[in-house]
Amino acid sequence: MERPSATAGHVLFLNWRDTRNPEGGGSEVYVERIAAELIARGFRATIFCAAHRQGLPDEVNDDGIRLVRRGGRYTVYPWAALCYLAGALGFGPMSHRHGGRPDALVDVCNGVPFMTPLWARRPIVKLIHHIHREQWGVVLPAWVARFGWWVESTLAVRIYRRCHHVTVSEATRQEMVQLGVPAEQVSVVHNGTPPLPHTDVERTSSPLLVTLNRLVPHKRVEVALRAVATLADELPQLRLVVAGQGWWEGRLREVANELGITDRVEFRGFVTEEEKAALLGSAWVALTPSLKEGWGLTIVEAGSAGTPTVAFRSAGGVVEAVVDGQTGLLADDMDDYVAKVRTLLHDHELRQRLGAAAREHAASFTWPAAGSRFAALLESAESPRQTRSRGAPSYRLP
């Protein structure tokens with residue numbers, strides 16, 4: 001373990017969910033792994049997030065991260081501001097008697113930011129996994145989507161103009177710069193690759209596809225279903241396992257029925273880490289048909305099991321999680337996606353070669369390296385209000 005930094009302090013992460021939330025995903029894994037790495041370096045870490053239907057109380061997890069749960073899907077944002085301001089007055093879950101006020105804030109923007117520069121007088125890092133340009137209109141009415149995109153692309157850029165930004169891929173960094181965030185105020189801190197439990201499982205004898213996703217529209221699991229339907233005649237034993245849960249599952253089951261492939265598709269639901277390891281280790285190809293990903297955590301998880309992934313070239317950070325033609329294949333449209341899946345299912349030697357390279361690629365991304373980079377950024381942080389008085393950038397990058 002590294003020696004604690006002399007400037008290590010209390011870091012407050014504001015994120016709409018935690019990993020125990022049924023709708024939690026890769027963003028939540030990233031936040032909690034980074035928080036754990038900071039604790040290993042002498043920091044204290046609190047995650048403020050929404051409560052959820054399990055009714056879980058505030059707690060300190062096994063990594064030493066304090067989790068405070070207030071509000072819901074939409075009300076978590078005002079709750080964060082109220083609890084922070086209450087802490088400044090000496091009461092509530094962010095007061096001195098409950099762990100102390102934070103020395104720095106990490107504002108995790110999943111489309112909607114917490115607007116911390118408006119109410120917090122502490123150094124602020126804005127963490128963005130990906131830009132939601134294409135996603136707003138997928139699940140929201142047109143006028144709400146337009147308003148959400150304006151908040152993300154215009155209002156938030158203005159409000160956080162003196163803050164440093166962190167993202168998880170160079171692709172997202174470039175999108176942020178295009179929106180007007182100065183390039184020198186954006187740093188990339190990649191995901192690590194979560195270690196999978198050991199498994200003795202072997203590849204199935206018949207072709208097996210797997211997709212691991214939250215079951216929501218923008219993950220586009222329908223693409224995986226249509227790929228199976230298209231290839232069914234030429235690969236009579238082809239099967240697909242859909243791992244994950246979400247409110248879109250009913251519609252996906254309807255699509256599978258409409259395509260006549262219900263006997264080929266298994267909706268596995270939530271899977272444990274052990275089940276995930278066995279599933280990825282037995283599959284021939286992993287499918288990530290998402291509209292947009294900041295990175296693609298399941299891609300490197302599949303890679304760590306030696307399983308290549310097919311994803312879309314336009315889906316943001318996946319172009320770094322997948323090295324096209326080396327660790328997996330990137331498609332340009334639906335027809336190309338099916339063609340890429342077909343190629344991998346028919347070419348055993350190519351699957352083996354890409355799978356071996358994917359394993360090596362996944363191993364190059366570690367959480368300790370990500371934690372060290374994030375700690376360095378936090379230690380150089382200053383309050384946006386301090387930089388306003390000097391007219392200087394809000395961070396001195398290491």
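The values are calculated or read from the model by the stated rules, or taken from the named source; none is laboratory data. Note that the coordinates shown come from a computational prediction; the quantities given were computed from them, not determined experimentally. Ideal geometry is used to build each Cβ from the backbone, glycine not excepted, and the neighbour counts take in all protein chains shown.
Beta carbons closer than 7 Å, at least 6 apart along the sequence or on distinct chains, pair a first residue in region 277-299 that is in a helix (DSSP H, G or I) with a second that is basic (Lys, Arg) for 282/203.
In the set 286, 278, which member is among the hydrophobic types (A, V, I, L, M, F, W, C), under 17 Å from residue 214 (Cβ atoms) and either surrounded by fewer than 19 Cβ atoms within 10 Å (Cβ to Cβ) or not assigned by TED's automatic domain parsing to the domain that holds residue 136 (or both)?
Values: 278 fails: under 17 Å from residue 214 (Cβ atoms).
From the options 286, 278, the qualifying one is 286.
Any idea which of 123, 102 is of a type outside the set (Phe, Trp, Tyr), out of contact with any Asp or Glu (no Cβ under 9 Å at 6 or more places or on another chain) and surrounded by 22 or more Cβ atoms within 10 Å (Cβ to Cβ)? Step through it out loud before you land on a result.
Values: 123 fails: out of contact with any Asp or Glu (no Cβ under 9 Å at 6 or more places or on another chain).
None of the others qualify; the one that does is 102.
Does residue 227 satisfy being modelled with pLDDT of 95 or more, within 28 Å of residue 361 (Cα to Cα) and part of a helix (DSSP H, G or I)? Yes: the conditions hold for residue 227.
Are any residues in region 156-187 under 15 Å from residue 117 (Cα atoms) and touching a Leu at 6+ places or on another chain (Cβ under 7 Å), and if so, which ones?
Going residue by residue through region 156-187, those that are under 15 Å from residue 117 (Cα atoms) are 156-165.
Answer for region 156-187, where residues must be under 15 Å from residue 117 (Cα atoms) and touching a Leu at 6+ places or on another chain (Cβ under 7 Å): 157, 159, 164.
Candidates are the residues of region 73-91 that are part of a loop (DSSP other than H, G, I, E, B) and modelled with pLDDT under 90; the one that is surrounded by the fewest Cβ atoms within 10 Å (Cβ to Cβ) is 89.
So which residues in region 230-255 are assigned to a strand (DSSP E or B) and either hydroxyl-bearing (Ser, Thr, Tyr) or within 16 Å of residue 344 (Cα to Cα) (or both)?
239, 240
Pairing each residue of region 2-31 that is under 14 Å from residue 126 (Cα atoms) with any residue that is at pLDDT below 80 and assigned to a loop (DSSP other than H, G, I, E, B), provided the two are 6+ apart or on different chains, yields C-beta distances under 8 Å for 12/94. If the condition is being more than 18 Å from residue 371 (Cα to Cα), assigned to a loop (DSSP other than H, G, I, E, B) and either in contact (Cβ under 8 Å) with a residue 12 or more places away in the chain or outside the structural domain of residue 92 (by TED's automatic domain parsing) (or both), then region 35-60 contributes 50, 51, 52, 53, 54, 56, 57, 58. Among the residues of region 196-221, those that are in contact with a Leu (Cβ under 7 Å, 6 or more places away or on another chain) and over 22 Å from residue 305 (Cβ atoms) comprise 218, 220. Of the listed requirements (1) more than 23 Å from residue 196 (Cβ to Cβ); (2) surrounded by fewer than 18 Cβ atoms within 10 Å (Cβ to Cβ), residue 378 misses just one: (2).
Looking at region 324-331, is at least one residue of a type in the set (A, V, I, L, M) and within 25 Å of residue 195 (Cα to Cα)? Yes, some residue in region 324-331 is of a type in the set (A, V, I, L, M) and within 25 Å of residue 195 (Cα to Cα). Residue count for region 257-276 satisfying the condition of being modelled with pLDDT of 95 or more and either hydrophobic (A, V, I, L, M, F, W, C) or touching a Phe, Trp or Tyr at 6+ places or on another chain (Cβ under 9 Å) (or both): 4.
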